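Student: I have a structure here, written as structure tokens, and I will follow up with some questions on it.
All of the numbers you see were taken from the coordinates with simple rules; none came from a lab. All values derive from a computational prediction rather than experimental measurement.
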Amino acid sequence: MLAGYALLEARANAAVVASLSNRLVTFGAFAFTAIFEDAGTVALSGLVETVEPRLMGVTDVARAALPHDALLTIVHPVSLAAVQLKFVRSEPDGSGFHTLYLRKP
């Protein structure tokens, strides 16, 4: 039963990322799609927080061996504009997704 649930969860996660992905990410010969959020500021209850750029993707893909400070190329699929950012750290969310935190080189 758990194996069936894990398969269903993996398929659902892949469908979400496929539907919401807004960037193609490459590192050497390795490429994957992910949901990209650029750096910015967020105001919560009167506090202002700086948010670093980040990617969200399926755990199996995002967990790939990315060395610290790996230089990732992030490409917009329509305009083909590209930006290079360095990988800082990765955090799982416990539901099959990983968030990759990035910084400018």
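Student: Taking amide H positions as placed in the peptide plane 1.01 Å from N, state which residues far from Arg23 in sequence (5 or more) or on other chains have amide H under 5 Å from it.
Tutor: Ala34, Phe36
Student: For the range 75-84, in order, what is each residue's ³J(HN,Hα) by Karplus, 6.51 cos²θ - 1.76 cosθ + 1.60 with θ = phi - 60°, in whole Hz (x at glycine and Pro)?
Tutor: Karplus values, whole Hz, x for Gly and Pro: 10, 6, x, 9, 7, 6, 5, 10, 9, 10.
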